[in-house]
Each structure stands twice: as C-alpha cells, then as structure tokens.
Amino acid sequence: MNYRKRLREQGKEIRRVKRLLSCARRVPLTKKAENAYGELTGDSHLIHMFPRLARQAGIGFKRCPVRGAHMAAIAGNLEYGIYLLANPDNEGLIIHQKTTFPRPVYQQKRLNLLNVPSWLYGGIEQNGAQGALKIKVTAHVRKIIVLESVLEIKSQKEPCEPLRKSLVTPVTSSIELRMEDLINNISWMHRQSASGTQLTRGLVQSYAPATLVRILEKAYGDVDIPQRPLPINLAMETTWYEPAHEGIIEVETRMTREKLLKNSAIYDFSVRFMQDDAILATTEIRSASNKPLDKDRIDGVRTLPTYRRPQ
C-alpha cells in the first residue's frame with residue numbers, strides 16, 4: 001500500500017471513530033411520552049401514574065418513575081444506530097441485550113445516553129473468534145448512572161434455549177401489532193431500511209413487563225389498590241431470534257424464581273414471544289416486590305385477552 005493510499009485509509013478510520021464517539025443522545029422523558037408508551041404496550045403499572053403508590057413501593061421512589069423497558073428500548077436503538085454507523089452495508093443480527101437499572105429515573109427528567117468508549121472503537125468490542133460485536137451504552141441523570149445496557153450483535157443465528165421450569169401454570173396471551181399505531185406514536189419503535197419500514201427489536205421486548213402488569217391486574221383485580229403488591233423491574237435480558245412484523249404475536253409468561261426477603265421479595269420471570277410458529281425472542285426479567293406475590297392468585301390466571309392499542 002503506497003503512502004497516499006495509507007493516509008486516505010487512516011483518514012477514513014479516524015472519521016469513523018469520531019462518529020462513533022459522538023454517538024450521544026439527550027432524551028426528554030416527559031409524562032406525555034410515558035403515557036403514550038404505556039397506552040401502546042398496555043403497561044398500566046400504577047407506580048407510573050400515581051406518586052403516592054410509587055412512594056409505597058418500598059424502593060425509595062419520591063414520585064412516578066420512568067418505565068425501565070422504555071429506557072432499555074431507547075438505549076438499544078442508540079446502540080444499533082452506532083453499529084450501523086460502523087457497518088452501513090450490514091444490518092447484522094441483534095442477538096442479545098442485557099439492561100440493568102441501578103437508580104430510578106423520574107418523569108419530566110432528561111435522560112443523557114452516552115456510548116461508553118472501549119479501546120479505540122467508541123464502545124464497540126469485537127470478538128473475532130465468535131464473530132460477535134458488543135456495544136455498551138450508559139444513561140445518566142445529573143451525572144448519576146441510571147441505566148447500563150450492552151447490545152450484542154452477531155452474524156449467525158443461535159439455537160433457541162428451552163424455557164425454565166415455571167413455579168405456576170404458564171400464562172398465555174397475545175398482542176396485535178399494527179404499523180399505523182407505531183408510526184403515529186414513538187419514533188424508536190420503527191425504523192426505515194432498504195426493505196421498508198421495520199419494527200424495532202426493542203418494541204417486542206417492551207411487551208414483556210407490560211404482560212406481567214396485565215397478569216397482576218387480573219390476579220389482584222378484587223383487591224384494594226393500596227393492598228396490592230407493587231413489583232418493579234431491576235434488570236432485563238433479551239435474546240432475539242427472528243424479526244417481528246405486523247400481526248398477532250403469541251406470548252407465554254412463566255414465574256421461574258422466588259426469593260423471599262424480610263420486607264420484600266425477588267422474582268424472576270421468563271417471557272417468550274412467537275409469531276407464525278417461529279420464536280421471536282425470550283426475555284428474562286428480575287423484579288423486586290414490596291410484598292410477596294400470591295402464587296395461587298397468579299396460578300388462577302391461565303390466559304389473557306389479545307391486547308390492542310385503544311383507538
């Protein structure tokens with residue numbers, strides 16, 4: 001390679017790295033955006049609507065927090081955008097996203113998303129042996145980290161792992177996705193590609209905690225609101241296998257772990273999404289509840305009606 005050509009290649013690399021390092025985003029988490037997200041996914045958790053109940057959750061909330069799945073989807077969208085900057089001709093396969101929520105974020109705050117530098121590649125860590133690419137994003141509010149997300153992208157599909165054994169009878173439900181509902185609501189839920197408008201992977205993941213909320217609403221429908229348990233999500237981990245499209249998505253939800261503490265309880269849930277007899281994704285959720293969940297009540301919920309966004 002001659003001297004001038006080597007300089008041109010180095011210049012391209014420098015510009016690419018600068019674009020990656022500049023991938024930061026400030027997202028205002030308004031009450032209007034939270035309400036639109038809750039309406040679209042069916043996540044009507046009371047702590048996101050009533051400050052008094054949020055304070056009763058026993059987690060130290062001062063007022064209504066932002067939904068963790070909402071922030072995870074926004075972070076995942078930024079991470080995938082970073083990947084496309086580095087690989088504009090290869091969309092890749094989003095395989096895995098792991099998100100933790102160290103601190104709560106309250107509505108009406110501005111979320112600062114930052115691509116965390118790793119080596120030279122602005123948060124991108126590549127494992128050549130496995131062909132995997134990992135991109136990490138953190139989010140902070142007033143310099144306090146409130147979210148950590150790692151997105152893993154591979155060039156090959158992975159086999160689907162079996163679901164864990166459930167402590168109660170698995171709950172089956174379904175969701176109807178309509179493109180007009182998405183395009184007219186939140187921008188990160190769809191994106192343009194060479195093949196047209198596509199649903200983002202984060203949208204499917206968003207329905208996992210929303211389904212848990214609907215299960216608890218049915219299980220505790222006859223209990224006064226102040227007496228109901230108020231679980232909140234501590235972490236989410238999703239593995240994707242196929243992209244989603246418009247139509248009906250079947251959902252199976254399982255409670256896989258219970259750990260009773262002195263004044264609270266920790267639960268693990270597995271949520272599997274299927275469409276056209278193909279597995280789309282599996283989401284693992286870890287939640288903390290101010291009160292133990294009544295497994296007999298949850299075991300009585302076998303099915304949920306199809307969720308459609310209200311018109």
At q = 0.14, 0.21, 0.25 Å⁻¹, what is the log10 ratio I(q)/I(0) for the range 214-298, with the Debye formula run over Cα points and no solvent? -0.57, -1.01, -1.21
Mind pulling the per residue volume of the convex hull built on the Cα atoms of the range 25-73? Å³ is fine. 86
Two pseudo-spin positions, 7 Å from Cα along C-beta at Arg52 and at Arg103, lie apart in nanometres by 2.9
Gain in length, Glu176 to Lys62, computed as 0.36 nm per residue apart minus the alpha-carbon separation, to one decimal in nm? 37.6 nm
Grab the Cα-Cα distance for Asp299 and Lys157, subtract it from 0.36 nm times how many residues apart they are, and report the gain in nm with one decimal. 47.7 nm
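As a quick test, which of the pairs Lys259/Lys291; Lys62/Lys136; Lys31/Lys259; Lys262/Lys295; Lys98/Lys165 have an alpha carbon distance above 23 angstrom in this structure?
Pairs exceeding 23 Å: Lys62/Lys136; Lys31/Lys259.
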Quick calc, Asn112 & Lys165: beta-carbon distance into FRET formula, R0 41 Å, rounding 0.05, result 0.50
Relative packing of peptides 206-214, 259-267, 138-146 - highest average C-beta neighbours within 10 Å first: 206-214, 138-146, 259-267
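Values in this text are rule-based calculations from the coordinates and carry no lab data. From a predicted model like this one, the values you see are computed outputs, not experimental measurements. Please note: Cβ atoms are built from the backbone with ideal geometry, for glycine as well, and neighbour counts cover all protein chains shown.
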